[in-house]
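The values are calculated or read from the model by the stated rules, or taken from the named source; none is laboratory data. Not measured: the values here are computed from a predicted model. Here Cβ is always computed from backbone atoms with ideal geometry, including for glycine, and neighbour counts include all displayed protein chains. What goes into the accessible areas is simple: the full protein's heavy atoms, side chains included, and nothing from ligands, DNA or RNA. Shrake-Rupley method; radii C 1.70, N 1.55, O 1.52, S 1.80 Å.
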Amino acid sequence: MILGGVVALALLAGAIWAWANTDVFGKETFCGKVLEAGEVDSILSGSGRLSDNSTEHDEPYGFTCEVERAQKIGGGPPAVLSTELALQPADFALSSRRVWDGHASYSYFTGERAGAVSHERGWLLLPQECLGTVPNSVRGDPLWSVQVEVENARPGKSDLAAVLLRIANHVTTKMGCDTTDRWRSAPIDLREPTGAETRPDDAQLCGNSLTAPGALPEGRLSSPERERYTATGSTTGACELAFPGREDRRLTFTWSADSMLVHGASLEGVGRNTSKATDRVLVPCGDEEIYAHVHSSDAYGAALEDATSTQSEATVMRGWLRSYAKALASEHGCPSSGE
């Protein structure tokens, strides 16, 4: 009798542990049936129980979801997948110096899709058909994007890209801005960054004809010691140059030939007039344009100012941007030099 009671208690304890620390008899879909359990598991792999908390308003503009894998008994911090639909400038990620930092380590969508993924976060612009769904109450000229962030997990980039596209397809359907079948269902193709950071050729920086501007004194701020950039074949990409010094002396260049991103960047929204910007430019390329952007890390900017002056620093950074525009024009076979 006692032995039977012990066995029963053991079975009960095992059942409680299984419920608390595994996904036995767990949910089959998440985020309002947008994501399947297998998709979530590919992002938040490991032990623990999956749960979600999602919000989707009656109007088509609200979609947020957070999925958590947590061990209810013991274990460390939960792994979390957060998704949201956001309205931001078209180049919000490419011009970011903080949230989307490390641009050259991302893998970028190709073809008709503009977006990128790392092992921790990702973004994907919704297609141009969705422009007409921006509420009239929103100032400026922002575009819709789907964004995801992962905490305490390290999924594969392809898995994260698949989740981005699944959410984007759901949102575009609800917003009534369905796009081409190709945008929806074409295989996801990502362009990875080049391998480990390598020693660059000063005459061929970023894998193309980018060179240091003439206004920059030769030395530690003109000759990078490492570089990393997006592999060829992408429609959006980045390059990062690391310069000698104990601090993080770095220049970041981003670009896109995606028509949706370029169109959005060309709109004169609040504080986003590209024609007056000093850190970005639209490079003429026949009947099209290419978006180009450059920014420096705080350490590179400070070192540059110390080596020159505040006014000369701005001149040098404009020189880097002009040089980058020329390099992109040359790489894409544009009849214009991009100046």
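Provide the solvent-accessible area of Asp279, counting protein heavy atoms only and rolling a 1.4 Å probe, rounded to the nearest 10 Å².
Probe radius 1.4 Å; accessible area of Asp279 about 40 Å².
Please calculate the 1.4 Å probe accessible area of Lys326, with all protein chains present, and give it to the nearest 10 Å².
Here the residue's solvent-accessible area equals roughly 90 Å².
At 7 Å along the Cα-to-beta-carbon direction for both Ala153 and Lys27, put a label point, then send me their distance in nm to one decimal.
1.2
Label Ala186 and Ser330 with points 7 Å out from Cα along Cα→Cβ: what is the distance between them in nm?
Roughly 2.9 nm, to one decimal.
Accessible area, 1.4 Å probe, largest first: how do Arg220, Arg191 sort?
The ordering from most to least exposed comes out as Arg220, Arg191.
When the accessible area of region 99-184 is computed with all protein chains present and a 1.4 Å probe, what percentage of it is carbon and sulfur?
The value for region 99-184 is 42 percent carbon and sulfur by accessible area.
Using alpha-carbon positions, what is the distance between the centroids of region 103-132 and region 153-173, in Å?
Cα centres, region 103-132 to region 153-173: 10 Å.
Quick one: if you stick a label point 7 Å off each Cα along the C-beta vector at Glu305 and Glu84, how many nm between them?
Label at Glu305, label at Glu84, 3.0 nm between them.
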